[in-house]
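Notes follow once the structure below has been shown.
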Amino acid sequence: MPAPRSVLIEGATIVTVDPRRRVIEGGSVLVKEGRIAEVSRTRSPSGSGAELKIQAKGMALIPGLVDTHMHLAQSLLRGCADDLSLVDWLKKRVWPIQAAFTEEDGRVSAELSMLEMMKSGTTAFVGVDVVSRYGFDGIAQSVAKAGMRGALAKSIMDSPGYGRRGRIMPEGLVEEKGATIREAKLMARKWNGVKDGLVRAWVAPRSLGGCSRELYEEVADLAQKENTRVTMHLAEVREDVRYAKQNFGLTPFEFIRKVGLAGPRSLFAHMVWLSESDVRSAGRTRSNVSHCPSSNTKLASGFAKVPELLEAGANVGLGCDGAPSNNSYDMIREMKLAAVIHKARLLDPLTMPAGTVLEMATINGARAMGLEEEVGSIEVGKKADLVLVDLRKPHLVPYREVVSSLVYAAMGSDVDTVLVDGRVVVRRGNALTLDEEKILGEAQRRQDGLISRSGVKV
Ligand SMILES: [Zn+2]
C-alpha cells in the first residue's frame with residue numbers, strides 16, 4: 001500500500017518534544033509527501049483537502065519511539081531463558097538456540113519483533129548482532145516490507161569467547177574474522193540508505209572477549225571508510241570490567257576509547273559498570289548510550305548511572321534488548337521502568353522525571369541513530385514518524401499531564417495508529433504492512449523446531 005500524499009491528524013493532544021517541549025491541546029498536524037508540513041493549535045484550513053483524515057480527539061500524538069538496542073533474532077526465544085545469570089543465559093539457552101537458526105527463522109523472528117514494535121509505537125530501531133546465519137538480506141527485505149526505520153548491525157567477531165571465558169560460543173554462531181568483515185562491508189554497501197533511507201547497515205563488534213584489539217581497530221577504520229555507525233554491548237556485567245582490567249589494564253570504556261571507538265557515531269548498550277571517570281569520558285566524547293532497564297534488572301546486571309551520564313553530556317536513549325531478557329519489545333513499558341528504578345537507586349523521586357524519559361525514547365534515540373534532524377520530534381520539515389496513543393482507557397483516565405500519563409500509566413497496547421515516513425503502518429491497533437496471523441502461527445511452530453534441533457532443555 002503506497003503512502004497517502006497527505007494526511008491530516010486533528011484534535012489530538014500533540015506532544016511535540018520540539019526544542020520548547022510544547023504540548024498542544026486539540027491541535028492538528030498536516031503531513032505532505034511523508035514530511036510534517038504544518039503543526040497548528042487549531043483546525044488546519046490547508047488540510048481540508050487531505051487524502052487521509054484522522055480524527056484523534058482523546059488521543060495523544062507523539063513522535064515515533066526509537067528502540068536503540070534490540071535483537072531481531074531473539075523474539076523467537078521468548079520464554080526460553082528466564083531466571084538465569086547472563087553468562088549461563090547466553091551459554092545454556094540463547095546461543096545454542098540461535099546457533100540452530102535457519103535464514104527463515106531469522107526472517108520470521110525479525111517480522112515478529114517488528115510486528116510487536118510497530119503495534120506498540122516504535123517506528124525506528126537499532127537491531128544488533130545480526131549474524132550471517134540469520135540471513136542479513138532476508139531481514140533487510142523484511143524491514144523494507146514492514147516500512148519501519150531500521151539500522152541492522154552486522155555482528156563482527158574473531159573469537160568465540162565472552163569475557164575471560166574462552167570458546168563458549170557454539171560452532172553454529174562462530175564467524176571467521178575475514179568473512180565477518182567482508183560481509184559487513186558488503187551489507188553496508190548494499191543496504192545503507194535503501195528504501196528512501198529507511199534501511200541502514202551498521203557494524204556491531206561482539207562484546208569484550210569476542211573481538212581482539214586489532215579487530216576493534218579495524219571496525220573503527222571500516223565504519224569511517226564505509227560511512228556507517230558502530231554499536232556494541234559494553235560494560236554490561238561486572239565480568240566485562242574484570243576482563244578489560246586483566247587484558248588491557250583499562251576499564252571497558254577506557255579500552256574502547258583507546259581503540260578509537262568512543263564518540264558521537266558510536267552507540268553503547270548497557271554501560272552499567274562505569275567508573276566516575278568513565279561517566280565523564282562518555283559525556284566528553286558525546287558518546288551515545290542505550291539504557292536497557294528491563295534487561296539490566298531481569299539479568300541482575302546492575303543499575304546504569306543514567307542520570308549521571310545525562311548530566312555529564314552523554315546522549316542516552318532507551319532499548320528493550322531482547323525477548324529472553326525483557327521479555328517484550330514495548331518501549332512504553334520500558335519508559336516506566338527507566339523512570340522509576342533510578343529514583344529508588346538514588347533515593348530521589350525528582351530524578352528522571354517523565355519528560356526526560358520521553359526525550360530518551362524519542363529525540364535522544366533519534367540522535368543515537370544520527371537521525372535527529374529527520375525524526376524524534378513533531379516539527380515542520382521533519383519526516384512523519386508519528387504515533388497516536390488512545391487515552392480513553394480505564395488506566396489512563398482521568399489525566400492532567402499527558403507526558404506523565406504516557407510514561408507512568410500507558411502501555412504499548414494503547415497505541416492506535418502509527419505512521420512511518422508518512423505511511424500508515426498501524427491503524428486502529430492493526431498492523432497493515434505485516435500479516436499478523438501468519439507471523440504468530442509461524443513463530444510458535446518455529447520456536448518448537450528450534451528447541452528440538454538445538455537440544456536445549458527449556
Ligand atoms: Zn543486547
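Where a number appears in this text, it was derived from the coordinates with a stated rule and is not lab data. Here the structure is a predicted model, which is why all the values come from computation and not from measurement. Glycine gets a Cβ as well: all are built from the backbone with ideal geometry, and neighbour counts include every protein chain shown.
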Practice task
May I ask you to list the residues in the stretch 247-276 that are out of contact with any strand residue (DSSP E or B) (no Cβ under 9 Å at 6 or more places or on another chain) and polar (S, T, N, Q)?
Solution key: ASN247, THR251, SER275
Problem - Candidates GLY172, GLY150 - the one that is among the small types (Gly, Ala, Ser) and in a helix (DSSP H, G or I) - result: GLY172
Practice task
Working carefully through the options TYR399, TYR408, find the one that is farther than 29 Å from SER266 by Cα and in contact with a Ser or Thr (Cβ under 7 Å, 6 or more places away or on another chain).
Solution key: TYR399
Practice task
Answer with yes or no whether ARG43 is of a type outside the set (Asp, Glu), over 24 Å from ASP330 (Cβ atoms) and either within 16 Å of the ligand (Cβ to nearest atom) or touching a residue at least 24 places away in the same chain (Cβ under 8 Å) (or both).
Solution key: yes
Practice task
Would you mind telling me which numbered condition in (1) part of a loop (DSSP other than H, G, I, E, B); (2) of a type outside the set (A, V, I, L, M); (3) touching a strand residue (DSSP E or B) at 6+ places or on another chain (Cβ under 7 Å) ARG200 fails?
Solution key: (1)
Handout entry: Test result for SER132, surrounded by fewer than 22 Cβ atoms within 10 Å (Cβ to Cβ), among the hydroxyl-bearing types (Ser, Thr, Tyr) and farther than 26 Å from HIS291 by Cβ
Key = yes
Exercise for the section: Within the stretch 279-323, track down each residue that is of a type in the set (Val, Ile, Thr) and either more than 15 Å from the ligand (Cβ to nearest atom) or surrounded by fewer than 24 Cβ atoms within 10 Å (Cβ to Cβ) (or both). Expected result: VAL279, THR285, THR297, VAL306, VAL316
Practice task
Would you please list the contacts, defined by Cβ atoms under 7 Å and residues six or more apart or on different chains, that run from a residue in the stretch 92-120 that is within 18 Å of ASN327 (Cβ to Cβ) to a residue that is of a type in the set (Asp, Glu)?
Solution key: VAL108/GLU442; LEU115/GLU436; MET117/ASP67; SER120/ASP330
Practice task
May I ask you to verify whether GLY370 is farther than 17 Å from GLU334 by Cα and either part of a strand (DSSP E or B) or within 20 Å of the chain's Cα centre (by Cα) (or both)?
Solution key: yes
Problem - Residues of the stretch 326-337 that turn out to be part of a loop (DSSP other than H, G, I, E, B) and either under 13 Å from the mean Cα position of the chain (by Cα) or buried (at least 24 other Cβ atoms within 10 Å of the Cβ) (or both), as a count - result: 4
Problem - Index of the failed condition, SER142 passing every other in (1) hydroxyl-bearing (Ser, Thr, Tyr); (2) in contact with a helix residue (DSSP H, G or I) (Cβ under 8 Å, 6 or more places away or on another chain); (3) over 13 Å from ALA204 (Cα atoms); (4) surrounded by fewer than 22 Cβ atoms within 10 Å (Cβ to Cβ) - result: (4)
Handout entry: Residue count, the stretch 59-81 (criterion: assigned to a loop (DSSP other than H, G, I, E, B) and within 16 Å of the ligand (Cβ to nearest atom))
Key = 4
Handout entry: Flag for ALA12 being over 16 Å from MET59 (Cα atoms) and in a strand (DSSP E or B)
Key = no
Exercise for the section: Looking only at the stretch 205-217, count how many residues are buried (at least 19 other Cβ atoms within 10 Å of the Cβ) and either in a helix (DSSP H, G or I) or away from the ligand (no atom under 16 Å from the Cβ) (or both). Expected result: 2
Fill in the blank from the handout: Flagged in the stretch 338-358 as crowded, with 21+ Cβ neighbours inside 10 Å and either within 16 Å of the ligand (Cβ to nearest atom) or assigned to a helix (DSSP H, G or I) (or both), in numbering order, are ALA338, ALA339, HIS342, VAL357, LEU358
Problem - Within the stretch 406-430, tally of residues that are aliphatic (A, V, I, L, M) and surrounded by fewer than 19 Cβ atoms within 10 Å (Cβ to Cβ) - result: 2
Handout entry: Residues located in the stretch 263-278, provided they are more than 16 Å from the ligand (Cβ to nearest atom) and buried (at least 23 other Cβ atoms within 10 Å of the Cβ)
Key = LEU274, ASP278
